[in-house]
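All remarks here apply to the structure that follows.
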Amino acid sequence: MDEFTVAGLRVVREAAACGSFSTAAENLGYTQSAVSRQIALMERAAGRALFERHARGVRPTEAGRIVLRHAEAILGELEHARHNIRHLAARPAGRLRVGAFSTATAALVPRAIAATAVRDRQLRISLREGLSPRLLAAVARERLDLAVVTAPETPPSGVATEPLLDDPLLVAVASTHPLAGATSAPPDLLRAERWIAGSQEPAATLLGAWRDPGWEPDIAFVARDWFAKLGMVAAGLGITVVPGIAVPVLPPTIALLRIDHPAAVRRTVLAHGGDRGAAGPRGVFAEALRDQAAELSAQVRQRLRSGG
């Protein structure tokens with residue numbers, strides 16, 4: 001059974017572009033008889049003529065235009081694949097593509113990058129910040145080697161996760177706030193407070209992790225940027241929720257207390273493509289992440305014991 005071929009698709013595309021079999025042969029570096037043979041094979045596979053022949057050249061038939069559209073798409077994808085393979089071959093072996101959600105880039109990931117650099121100064125690490133679902137999708141598509149994300153209910157196919165730390169959600173208040181100096185507070189004690197959040201929808205923020213269904217927080221200000229949130233807290237305009245993972249970069253004008261609620265914790269995990277590259281740079285970086293996660297957890301506990 002005759003079938004379409006890549007060589008035949010290239011000939012069809014070139015002949016349609018220049019309107020001449022002889023010019024197509026010249027452009028492709030073929031003999032004219034080779035081009036005519038490819039066209040004949042493609043027409044046999046299609047079961048009908050692909051070109052109208054006339055005195056001044058050739059023109060695609062309706063069937064030819066259909067084949068041409070598919071040829072453009074198929075050849076375009078093949079050219080894109082070749083480009084990616086060349087790029088892969090040119091990419092240094094010591095390269096690691098890392099993703100992380102925003103607060104993980106405050107201390108955990110930078111510390112792990114620094115620790116990895118001490119062990120392997122030739123390793124180049126690129127960092128992409130983003131939302132956890134998008135980072136997981138990037139790992140699944142092999143656009144990232146690994147990512148620090150909030151634990152998903154079900155990872156995408158081909159993605160494995162391993163725990164890094166159970167990160168407590170903390171309330172950040174101004175150092176002059178009545179709660180400053182406390183180590184923890186029950187949700188009931190926080191109900192009357194004015195909140196600064198990243199959205200007017202509590203479920204889309206860290207408030208949603210532990211908020212009881214019957215309580216709608218009073219969101220006084222919406223700010224997506226963490227510096228803006230903390231600036232408002234320090235000014236006494238409200239309080240906010242911060243993950244423990246961000247503790248090392250919080251200013252001394254902010255006091256912290258734990259939320260006494262079982263859901264006020266966020267599991268942070270390392271996502272990767274299973275065994276892919278586990279013994280190479282990814283393994284070195286994963287070990288540094290685990291070490292830094294343990295140190296960070298101890299630092300959070302120490303700050304809470306000292307009264308925020």
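The values are calculated or read from the model by the stated rules, or taken from the named source; none is laboratory data. Predicted model only: the values in this text are computed from it and were never measured. So basically every Cβ, Gly included, is an ideal-geometry build from the backbone, and we count neighbours across all protein chains shown. Remember, those area values only see protein heavy atoms, side chains included, never the ligands or the DNA or RNA. Shrake-Rupley method; radii C 1.70, N 1.55, O 1.52, S 1.80 Å.
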- Pick out the one residue from ARG95, ARG91, ARG86, ARG59 that is touching a strand residue (DSSP E or B) at 6+ places or on another chain (Cβ under 9 Å), at pLDDT below 90 and among the charged types (D, E, K, R). ARG95
- Lone unmet requirement of (1) over 19 Å from the mean Cα position of the chain (by Cα); (2) hydrophobic (A, V, I, L, M, F, W, C); (3) surrounded by fewer than 19 Cβ atoms within 10 Å (Cβ to Cβ) for VAL173: (3)
- Task: Only residues in the stretch 155-174 that are more than 20 Å from PHE285 (Cα to Cα) count as the first member; pair them with residues that are among the aromatic types (Phe, Trp, Tyr) and assigned to a loop (DSSP other than H, G, I, E, B), Cβ under 8 angstrom, at least 6 apart or cross-chain, and list the lot.
- Result: LEU169/TRP210
- Query: Looking only at strands (runs of 3 or more DSSP E) that fall completely inside the stretch 46-153, which ones have 1 or more residues that are surrounded by 11 or more Cβ atoms within 10 Å (Cβ to Cβ) and among the aliphatic types (A, V, I, L, M)?
  - Reply: 57-60, 95-100, 124-129, 146-150
- Single match in GLU14, GLU26 (criterion: open to solvent by less than 50 Å² (accessible area, probe 1.4 Å), charged (D, E, K, R) and closer than 20 Å to HIS54 by Cα): GLU14
- Look at GLY158 and say whether it is modelled with pLDDT under 90 and either open to solvent by less than 20 Å² (accessible area, probe 1.4 Å) or out of contact with any Phe, Trp or Tyr (no Cβ under 6 Å at 6 or more places or on another chain) (or both). yes
- Test: residue in the stretch 258-274 that is modelled with pLDDT of 85 or more, surrounded by fewer than 19 Cβ atoms within 10 Å (Cβ to Cβ), among the charged types (D, E, K, R) and within 13 Å of PRO243 (Cα to Cα): yes
